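The values are calculated or read from the model by the stated rules, or taken from the named source; none is laboratory data. Nothing here was measured: the structure is a model prediction, and the numbers come from that model. All Cβ positions, glycine included, derive from the backbone under ideal geometry; neighbour counts span all protein chains shown.
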Amino acid sequence: MEPITINNLTFAYPGQAPLFKDCNLNLSSNWKLGLLGRNGRGKTTLFKILQNRLDYRDQVQTNLKFGYYPFDVADPDDFVWNNLSNMVPQLEQWQVERELNLMQTDAALLWQPFNTLSGGEQTRVMLACLFAQEGIFPLLDEPTNHLDQAGRSLIAQYLKQKKSGFIITSHDQIFLDEIIDHTLVIEQHQLVLAKGNYSNYFAQKQQRDNTAISTNEQLLKDIHHLKQVRQTKQQWAQQAENEKKNNSHADKGFISAKAAKMMKKSTIMKGRLDKAIEDRQGLLQEVEKVVPLTINLQPTHHQTLLSIDKLSLIFPGHPLCSNLSLKVANHEQVILCGNNGNGKSSLFHAILGDFNGTQDGQITIGSNIKISVVRQNYLYNHGSLQNFAKNSKIDYDTFLNLLRKLGMARSTFNVPIEQMSMGQQKKVELARSLAQPAHLYLWDEPLNYLDTYNQEQIIKLIQEVRPPMLIIEHDKHFIDHVATQKIQI
């Protein structure tokens, strides 16, 4: 067992509020630790600090050598094995094949060009490379992204059987419950370390939030009452002063003394009340606030917005889906299910008219139907939010309002999109789609990188508005709550 000791850690990006301030932690390399927290709270930043990739104040002490998922591939056009062996020269092929076998994955993937692998296959290859190395402590940043349900189950079983520890981030609570034994949560103003899985933490968090809400309600009542008392005292003092000014026949000396006495009492009382109000406001605890989202859904007379009949998609030497038929009717949410590499994202490209392979069959879109898309790959979003909104032809104020509802801090609004965290970039992509006027929505894995609070926001929005949607998603909780129809590819 090797400890990870963090003493008085403080870190802030230039021009932004601190993500960490005087933080102290003692972690064990034996733990399968889930690193949790809302988007933008600093999970990936903490991973970078552990790897000495960022300048920070004070100490992180450990003898561990960290390995990070996902890593950059030097030449995506080259074979997988060539990329892995060039990156880690001491790596033996049999070691990687052993890990792939534990994930029930064909080792033949090593001899395919990296860019021909599906997102799920790339995930497995990277994890195999990481765990094949001796003396490496893995930092796993969102490995469930792009994994289908079968893939998530396999990876969960693979990680569960590992005897060594690791730190992992994921927003799939079912996945985390299966594998982690400790949680480290970056909350609004504190780090919370606890034994147990995600459900254990969340149950404790709800108890703390419920207590905080009850306490806050009483404190707010006290503050309201104290403000009323303060106002009454000030009115009495003002009345005495007005009596002195307006009563020309009264005893001026008596009234002046009375007014001065009242004013003095009022000043003393105001100071006491101000202090009491300030003390109570300081006790107010912040609870995660989740507000409803909005969507710019446009009305349409079409009953069927999208129809696909006997569609087949083929890349050269790589058949995808075949003989696929489906319809998306008004107020219907159709979920595309299936294993990675079966052509779900390619189907979206075919619908939008930019599929690069061969297709056969019929795709029919209702006349004048506007489609809004959430893409799986949105790395080309860049620049300021204002320019992005202008180029996307969406209302800037509506766009920013949606980002705030999704939990993005106002301080982030001046950060270029390409410098945001992956979760924040995903919120930009999602907010753009929500702000666009549209009749039909094509969303490709909308939950990737989004925290559980955002996931619940999206579920409630879809349940209440029921916009016509074709969605690719692997999260079972989401599918069970929003799908009106499931299509297996």
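Within segment 41-95, being under 30 Å from MET408 (Cβ atoms) and of a type in the set (S, T, N, Q) holds for THR44, THR45, GLN51, ASN52.
Would you be able to say whether some residue in segment 169-186 is modelled with pLDDT of 90 or more, at positive phi and not polar (S, T, N, Q)? No, the conditions are met nowhere in segment 169-186.
For residues in segment 375-392 being more than 19 Å from ASP354 (Cβ to Cβ) and not aromatic (Phe, Trp, Tyr), which is surrounded by the most Cβ atoms within 10 Å (Cβ to Cβ)?
Residues of segment 375-392 that are more than 19 Å from ASP354 (Cβ to Cβ), as a first pass: 382-390.
Adding the requirement that they be not aromatic (Phe, Trp, Tyr) leaves 382-387, 389-390.
On the way: HIS382: 13, GLY383: 12, SER384: 13, LEU385: 23, GLN386: 13, ASN387: 13, ALA389: 20, LYS390: 13.
It comes out as LEU385.
Inside segment 70-87, can you point out the residues that are of a type in the set (Phe, Trp, Tyr) and at pLDDT below 95? Show your work before the answer.
So the first thing to find is which residues in segment 70-87 are of a type in the set (Phe, Trp, Tyr), and the list is 71, 79, 81.
Scanning segment 70-87 gives a single hit, PHE71.
Pull up segment 89-102, narrow it to residues that are over 19 Å from GLY67 (Cα atoms) and among the hydrophobic types (A, V, I, L, M, F, W, C), then point me to the one that is farthest from the chain's Cα centre (by Cα). Before the answer, list the steps.
In the first step, residues of segment 89-102 are kept if they are over 19 Å from GLY67 (Cα atoms); the result is 94, 101-102.
Cutting the leftovers down to among the hydrophobic types (A, V, I, L, M, F, W, C) gives us 94, 102.
On the way: TRP94: 37, LEU102: 30 Å.
The extreme case among them is TRP94.
For segment 131-147, what are the residues that are under 26 Å from ASN342 (Cβ atoms) and in contact with a strand residue (DSSP E or B) (Cβ under 8 Å, 6 or more places away or on another chain)?
Here is the first cut: in segment 131-147, the ones under 26 Å from ASN342 (Cβ atoms) are 140-147.
Result: LEU140, ASP141, GLU142, PRO143.
Residue-by-condition table, conditions (1) exposed (fewer than 13 other Cβ atoms within 10 Å of the Cβ); (2) over 27 Å from the mean Cα position of the chain (by Cα); (3) not polar (S, T, N, Q):
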site: PRO3; (1), (2), (3): no, yes, yes
site: ILE6; (1), (2), (3): no, no, yes
site: ALA12; (1), (2), (3): no, no, yes
site: ALA17; (1), (2), (3): yes, no, yes
site: CYS23; (1), (2), (3): no, no, yes
site: LEU33; (1), (2), (3): no, no, yes
site: ILE49; (1), (2), (3): no, no, yes
site: MET87; (1), (2), (3): no, yes, yes
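In the set (1) surrounded by fewer than 21 Cβ atoms within 10 Å (Cβ to Cβ); (2) of a type in the set (D, E, K, R); (3) farther than 27 Å from GLU2 by Cα, ASP172 fails one condition alone, (1). Give segment 62-85 a look and list any residue that's under 29 Å from the mean Cα position of the chain (by Cα) and over 27 Å from ASN200 (Cβ atoms), or say none. Result: LYS65, GLY67, PRO70, PHE71, ASP72, VAL73, ALA74, PRO76. Listed conditions (1) within 30 Å of HIS301 (Cβ to Cβ); (2) surrounded by fewer than 21 Cβ atoms within 10 Å (Cβ to Cβ); (3) of a type outside the set (Val, Ile, Thr) are all met by ARG404, apart from (1).
Determine if segment 70-84 includes at least one residue that is free of Cβ contacts under 8 Å to residues at least 12 places away in the same chain and more than 28 Å from HIS171 (Cβ to Cβ).
Going residue by residue through segment 70-84, those that are free of Cβ contacts under 8 Å to residues at least 12 places away in the same chain are 72, 82.
Filter once more, so that each one left must be more than 28 Å from HIS171 (Cβ to Cβ): 82.
Within segment 70-84, one or more residues are free of Cβ contacts under 8 Å to residues at least 12 places away in the same chain and more than 28 Å from HIS171 (Cβ to Cβ).
Against the conditions (1) in a helix (DSSP H, G or I); (2) in contact with a Leu (Cβ under 6 Å, 6 or more places away or on another chain); (3) within 29 Å of ARG38 (Cβ to Cβ), ILE168 satisfies every one except (1). Within segment 323-344, the residues that satisfy the criterion of being at pLDDT 90 or above and either part of a loop (DSSP other than H, G, I, E, B) or assigned by TED's automatic domain parsing to the domain that holds PRO113 (or both) are ASN323, ASN330, HIS331, GLU332.
In segment 384-395, is there at least one residue being under 20 Å from VAL290 (Cβ atoms) and of a type outside the set (Lys, Arg)?
Residues of segment 384-395 under 20 Å from VAL290 (Cβ atoms): none.
No, the conditions are met nowhere in segment 384-395.
Quick check: is even one residue across segment 27-44 of a type in the set (Ser, Thr, Tyr) and under 19 Å from ASN454 (Cβ atoms)? Yes; the residues of segment 27-44 include at least one that is of a type in the set (Ser, Thr, Tyr) and under 19 Å from ASN454 (Cβ atoms). The sole residue among ILE223, ILE155, ILE174 that is part of a helix (DSSP H, G or I), assigned by TED's automatic domain parsing to the domain that holds SER29 and either more than 30 Å from GLY343 (Cβ to Cβ) or in contact with a His (Cβ under 8 Å, 6 or more places away or on another chain) (or both) is ILE174.
Test VAL80 against the stated conditions and say whether it is aliphatic (A, V, I, L, M) and either surrounded by fewer than 14 Cβ atoms within 10 Å (Cβ to Cβ) or under 18 Å from GLN112 (Cα atoms) (or both). Criteria met by VAL80.
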